[in-house]
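Trainee: Let me give you the structure first, and then I'll get to my questions.
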Amino acid sequence: MTEQRIIIAATDEEIANCYPVMAELRPHISAEEFVERIKHQTQIADYRLACLIDVEVKAVAGYRISQNLAWGNFLYVDDLVSKSSDRSKGYGGALFDWLVGHARENDCEQFHLDSGVQRFAAHRFYLAKRMAIEAHHFGMKLR
């Protein structure tokens, strides 16, 4: 029997193993470009890709630790998704809890993420995890 573990994907193989799950949230990114995009974001924005493994990757989170005037030190979750066939089995919750703990270990004062307005199940999950809806996020496509 295997044990669940959470790792920060660092090698090309570990990153590539996250793609099938991440593609459920970010289908516009091809498998061919995924590893290079993750590595580039790691270099320019200190992005990290954490994954929960239980035989295979079950949940993935892309995040970064940073600082700004509004929040001080913070962990921002760019991407959080669990494998659709394994939802409601605790994988996303375990990864979320790991991220919160990781933020605390790194002296973060706050923990943030944005969620698309259409993602009602995700909103219920975040509210159940004691997150608050604090702002409206505005965006503008430039291309």
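Trainee: Return the calculated 222 nm mean residue ellipticity for the chain, to the nearest 500 deg cm²/dmol, obtained by summing -39500 (n - 2.57) across DSSP H runs with n ≥ 4 and dividing by the residue count. Please report the intermediate quantities before stating the final value.
Mentor: On the way: 4 runs with 53 residues, N = 143.
Only helices count here, giving -12000 deg cm²/dmol.
Trainee: Per residue of the stretch 112-123, what does 6.51 cos²θ - 1.76 cosθ + 1.60 with θ = phi - 60° give for ³J(HN,Hα)? Whole Hz please, x for Gly and Pro, Karplus curve as stated.
Mentor: Per residue, the Karplus-derived 3J(HN,Hα) values read 9, 7, 10, 9, x, 4, 7, 8, 4, 5, 5, 4 Hz.
Trainee: Under the 0.36 nm per residue contour assumption, what length would be gained going from the current alpha-carbon distance of ILE65 and PHE138 to full extension?
Mentor: Fully extending the segment from ILE65 to PHE138 adds 24.1 nm.
Trainee: In whole Hz and in residue order, list the ³J(HN,Hα) couplings for the stretch 88-105 that follow from phi through the Karplus curve 6.51 cos²θ - 1.76 cosθ + 1.60, θ = phi - 60°; x for Gly and Pro.
Mentor: Coupling constants for the stretch 88-105: 6, 10, x, 5, x, x, 5, 5, 4, 4, 4, 4, 4, x, 4, 4, 4, 4 Hz.
Trainee: Now, a different point. In the chain, what % of DSSP beta bridges are antiparallel (nearest 5)?
Mentor: On the way: 22 of 26 bridges.
Within the chain, antiparallel bridges account for around 85 percent of the total.
Trainee: Let me ask something additional. FRET efficiency for SER115 and ALA31, Cβ-Cβ distance as r, R0 = 30 Å, nearest 0.05? Mind showing how you got there, number by number?
Mentor: Numbers: r = 25 Å, r/R0 = 0.82.
That gives a FRET efficiency of 0.75.
Trainee: As an exercise, identify the GluC sites (Glu not before Pro) in the stretch 83-142 lying in DSSP coil whose Cβ has no more than 14 other Cβ atoms within 10 Å. Working shown, then result.
Mentor: Working: sites: GLU105, GLU109, GLU134; in loops: GLU109, GLU134.
Answer in residue order: GLU109, GLU134.
Trainee: Putting +1 on Lys and Arg Cβ atoms and -1 on Asp and Glu Cβ atoms, find which of TRP71, ALA31, GLN41 reaches farthest to the positive end of the dipole of the chain.
Mentor: Among TRP71, ALA31, GLN41, the one farthest towards the positive end of the dipole of the chain is TRP71.
Trainee: Considering the chain as a Gaussian network with a 10 Å cut-off on Cα pairs, which listed residue, SER82, SER30, SER66, attains the greatest mean-square fluctuation?
Mentor: Sorting by GNM fluctuation, first place goes to SER30.
Trainee: For a quick check: with amide H placed at 1.01 Å from N, whose amide H comes under 5 Å from LEU113's, ignoring anything fewer than 5 positions away on the same chain?
Mentor: So LEU113 has HN proximity to VAL77.
Trainee: Next question. So which chymotrypsin sites (Phe, Trp or Tyr not before Pro) in the stretch 64-143 pass both tests, a DSSP loop state and at most 12 other Cβ atoms within 10 Å of the Cβ?
Mentor: Details: sites: TRP71, PHE74, TYR76, TYR91, PHE96, TRP98, PHE111, PHE120, PHE125, TYR126, PHE138; in loops: TRP71, PHE138.
Qualifying residues, ordered by number: PHE138.
Trainee: Taking θ as phi - 60°, what are the ³J(HN,Hα) couplings along the stretch 52-65 by the Karplus curve (6.51, -1.76, 1.60), each to the nearest whole Hz, with x for Gly and Pro?
Mentor: In residue order, the calculated couplings are 9, 10, 9, 6, 10, 5, 10, 8, 9, 9, x, 8, 8, 9 Hz.
Bear in mind these aren't lab numbers, they're just calculated from the coordinates by the rules spelled out. These figures come from a predicted structure and were not determined experimentally. Cβ: placed from backbone, ideal geometry, glycine included. Neighbour counts: every protein chain shown.
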